[in-house]
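Input: a single structure, listed below in structure tokens.
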Amino acid sequence: MSHQWARRPVRAGAAACAVVTGLALLAPLAGCAPRTSSSARFPDVQRMLDDRARAVQRRDEAGFLAAVDPRAAGYRARQRAVFAHLSGIPVTDWRYDLDSTDAFPLTGHGGGERLAAKVRLRYRLKGYDTAPVNAVQYLTLTERDGRWLISSDTDGAAAGKSGTRQLWDQGPVRVVHGRHSLVLGGAAHLDRLKDLARRADQAVPAVSAAWKGKWARKVVVEAPDSVEQMAQLMGSDDPSGYRGIAAVTTGEAGVSTAAPADRVIINPAAYEELNDLGRKVVLTHETTHVATRTVTTAVTPLWLSEGFADWVAYRGTHRKAATTAPELTRAVHSGKLPAKLPTDADFGFSAGADRLAKAYEGSWLACRMIAERWGEAKLIAFYRAAGRSGLRTAATGGAPMEAATAAPSGVRPASPAAGSGYRPLTRADRTDRAMRAQLGVGLAEFTAQWRAYVRKELR
């Protein structure tokens, strides 16, 4: 079966305010003056959230519900259920931070002053997470008798502010502990959870055998009951983009110890359609993303990150290339040899099944070719190098730069001043540099070799 299952979201960082050196001492630039945090402006709200967090860690239901508006009967009942669902889940370091108080428009009247709060939930699963999960909640806060209380978590939905649900928000949760894994899922599907734990326990040592980098060597898998619930765990109310995708990996690329914890999230319908090998490949592929996340940055091309994950997943299976890459094989036999390596757009959820399958297959073959011709160590070294930052300058706000015109031998301008002929490095530029440094060939030559390799392996 062709494997159109994995896509790892990558979040680009936001740019900070720039300060012009010559004016920095004269006056603050508009929009860059220090701002008082929402928690400082509303200390009573933050104290309420702190009390609620302590109640979770103490397993104190009354304390947890004390933060809920008693007039919001439906919400209060749901929160009572959520607290019950948390039983047995090894959460620790639970905390809420008030980010803003005008996060979405409020309509109607709640019988008191109200705030549209954006609240950031952070927690860890004890024994598994070395960094916290980082989830956003959009809550309506109502002041009653001098106290701030939570009266809803759905008022922001109309404005697209639904937040990120957790499994315990969706229903009862069953926990299965593996040797290298923790699997959380619906209480009615114990056999599925045990199967996932077994396969994840096999995937972790398989990934460690291929990837020599430092990582936790543990994986957390979440198995919701439906694709709709899967979308909610990804912070979306639209499940259409996840249909046909058996699993995804959450987490921020390119950051280390401060990065939120990774989760492998399963789409139960698509996962159940896979055969034994397909399930093994899915779990190993996604576990590879967990292992490599800290060196996978926004400039790592998707053909490399997805191809590498598939290379690890198929490593040691000794399958023929044409069997593993059926869609690309059909394309080659019909005279449609790809002209270039897969682009990021080829991996889009809306790209279509055939295009997506060919993107994964072509990427796998690219990494397979590197491992065969240059060796596995060089493949790993290239992967690391492809995500590293290039030359950065204050004048470009940290953007990598290169000379667009040749400088005299041995001469390099000290800084990319205006009109100096410098331009921002593209991701292709940086991939080319990493490839030349590690493999001794440029991107154009590598692409030509890859096309010849694809033709030979799939003919």
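Where a number appears in this text, it was derived from the coordinates with a stated rule and is not lab data. Everything numeric here is computed off the predicted structure, so don't read it as measured data. So basically every Cβ, Gly included, is an ideal-geometry build from the backbone, and we count neighbours across all protein chains shown.
Structure data summary
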| quantity | calculated |
| --- | --- |
| Theoretical gain in end-to-end length, Ser334 to Arg144 [0.36 nm per residue, Cα-Cα removed] | 61.3 nm |
| 3J(HN,Hα) from dihedral phi, region 432-448, Karplus parametrisation 6.51/-1.76/1.60, rounded to Hz, x for glycine, proline | 4, 4, 4, 5, 5, 5, 9, 10, x, 10, x, 4, 5, 5, 4, 4, 5 |
| Rounded FRET efficiency, nearest 0.05, which uses the C-beta distance separating Leu190 from Arg71 and R0 of 22 Å | 0.05 |
| Eligible lysines near Lys118 by straight Cα distance, threshold 28 Å, same-chain separation 8 or greater | Lys126, Lys161 |
| Peptides 287-299, 370-382 ordered by average Cβ neighbours within 10 Å, highest first | 287-299, 370-382 |
| Convex hull (Cα only) mean projected area of region 149-254, reported in nm² to one decimal | 9.2 |
| Cα-projected label distance for Ala444 with Arg59, points at 7 Å along beta-carbon direction, nm | 6.6 |
| Two-site FRET efficiency, Val136 against Arg455, from Cβ-Cβ distance with R₀ of 41 Å, rounded to 0.05 | 0.30 |
| Per-peptide average of other Cβ atoms within 10 Å, ordering 51-64, 117-130 highest first | 117-130, 51-64 |
| When region 38-112 is reduced to its Cα atoms, the Kirkwood hydrodynamic radius in Å | 13.9 |
| Set Lys340/Lys456; Lys280/Lys340; Lys212/Lys358 screened for pairs whose C-alpha atoms are more than 23 Å apart | Lys280/Lys340; Lys212/Lys358 |
| Gain in span if fully extended, Thr323 to Asp201, counting 0.36 nm per residue against the direct Cα distance | 41.3 nm |
| Rg to Rh, two decimals, where region 259-318 supplies the alpha carbon set and Rh follows Kirkwood | 0.99 |
| Other-chain or far-sequence residues with amide H under 5 Å of Leu341's (modelled H) | none |
| Stokes-Einstein D in µm²/s, Kirkwood radius over Cα pairs - region 197-254 at 37 °C with 0.692 mPa s viscosity | 245 |
| Estimated distance in nm for a label pair at Ala298 and Ala437, the labels positioned 7 Å out from Cα along Cα-to-Cβ | 2.0 |
| Relative contact order (%) - criterion: Cα under 8 Å, at least six apart; region: region 56-126 | 31 |
| Calculated FRET efficiency for the pair Ser100/Lys378, C-beta based, R₀ 60 Å, to 0.05 | 0.80 |
